[in-house]
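K.L.:
Below: one structure in structure tokens.
Please treat every number below as a calculation from the coordinates, not as lab data. Keep in mind the model is a prediction, meaning the values are calculated, not measured. Don't worry about glycine lacking a Cβ; one is built from the backbone with ideal geometry, like all the others, and counts go over all protein chains shown.
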């Protein structure tokens, strides 16, 4: 109980934090980054050229790291607690409406073209049984364990791709100009990489879940999380591209044979990671 009236009036109020420790917040950031977008990174290497693609991936990771820290700084300066509030404070009602429209359309733009195919019922059923329950968490701190499971499955997928690089790469015909420094489609490659590293819209949510939501803690979590996500992304992109080079598809799992049991297990793990990532989106 405060007994000194003067101290009570001038003391700086503490930030009200959540229940998430640094590790859980880090898992949530990583899960948000290397969710569904990682599957297209080998294709971005094909589009940009492998050496330039790796450099661009580092650049995108740096921009992501810088921007999500900048978002929190902007939120603190403008006394806003959400991504939407910050946009409205900065760009007014018009900017807020544009952001809301884009966020509503994002799942439809990023989703597959064949939404109304025979898989629709299965997708709907999976959403109701698995995705909906974990999307109902009121406290994002509870998503830390879910994000950890997603990260473990992503590492399993990475190991599968690495194994297939060793065992399958010699059987794939060599393509011309597979290792040139740069290709003409570098801009498209940056788009694929940016999609993989999208996590800005979750920044305030994860920041607010920290037990001590300070800029120092947020910067530490961001640097470690983005760095780890970058390492996983570079290794995944490199192994996927080295296996198929010029034949790499937008979804690298489309390159593997349908009767490849190991790749099929990788597809299953990827599907689970998408389910576990969706609640953060």
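K.L.:
Which FRET efficiency, nearest 0.05, do residue 167 and residue 67 yield, Cβ-Cβ r, R0 51 Å?
P.N.:
My answer for the efficiency is 0.85.
K.L.:
Please rank 235, 161, fewest neighbouring Cβ atoms within 10 Å first, as an exposure proxy. Mind dumping the intermediate values first?
P.N.:
Numbers: 235 16, 161 25.
Ranked by crowding around the Cβ, least crowded first: 235, 161.
K.L.:
Return the whole-Å distance between the Cα centroid of segment 46-89 and the Cα centroid of segment 219-281.
P.N.:
21
K.L.:
Say R0 is 35 Å: what FRET efficiency, to the nearest 0.05, do residue 219 and residue 182 get from their beta-carbon distance? If you can, show how the numbers build up before the last one.
P.N.:
Details: r = 33 Å, r/R0 = 0.94.
E(calc), rounded to 0.05, equals 0.60.
K.L.:
Could I ask something else about it? What distance in nm separates the two pseudo spin-label positions at residue 152 and residue 58, each 7 Å out from Cα along the beta-carbon direction?
P.N.:
Those two pseudo-labels are separated by 3.3 nm.
K.L.:
Give me the extension gain from residue 194 to residue 77: residue separation times 0.36 nm, minus the current Cα-Cα distance, reported in nm with one decimal.
P.N.:
Fully extending the segment from residue 194 to residue 77 adds 39.5 nm.
K.L.:
Another question, if that's okay. Once label points are set 7 Å from the Cα along Cα→Cβ at both residue 19 and residue 260, what is their separation, rounded to one decimal in nm?
P.N.:
In this crude spin-label approximation the distance works out to 4.2 nm.
K.L.:
Could I ask something else about it? Equivalent-ellipsoid semi-axes (√(5λ), Cα gyration tensor) for segment 164-281, whole Å, largest first?
P.N.:
33, 19, 12
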